[in-house]
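Below: one structure, written as structure tokens.
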Amino acid sequence: MRIWGLSIGELISLLVFVGTVGGFVIKFSIISPLTSMVKDSNKSIDNLNVTIQELREDMKESKADRGAIHTKIDKNQADTEREIALLKKEDKTIWKHIAEMKGEQK
């Protein structure tokens, strides 16, 4: 029996050959680029993870720096408040002394 001028064995061989060529074409034209795209996206994701980790470390350092700054500000504020209290006390003493001197002059 012949189909398109080919015997059944030749037709099966031709179909297997066409299927094999089609399989290679599909693999190398569609699947390989997709595979490389997935690998590239995995590299990008890994780079993003590294960047996120670095940013988290920077944030921890920044948080520690801010804590040190807040401590320094609180200390400076306490020192300033002590100085203001001393100045007020000295001011009262000076005015008291002035009032006593005016009282002695009269």
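Computed from the coordinates by the stated procedures, all read-outs in this text should not be read as laboratory data. Not measured: the values here are computed from a predicted model. Cβ: placed from backbone, ideal geometry, glycine included. Neighbour counts: every protein chain shown.
The table for this structure:
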{"quantity": "For the stretch 57-106, the fraction of alpha-carbon pairs in successive 10 Å shells from zero, as %", "calculated": "23, 23, 17, 15, 11, 7, 3, 0"}
{"quantity": "GNM top mover of K72, K89, K60 - the chain, alpha-carbon springs below 10 Å", "calculated": "K89"}
{"quantity": "Neighbourhood charge, 12 Å Cβ-Cβ cut-off, centred on I69 and excluding it, Lys, Arg +1 and Asp, Glu -1", "calculated": "+2"}
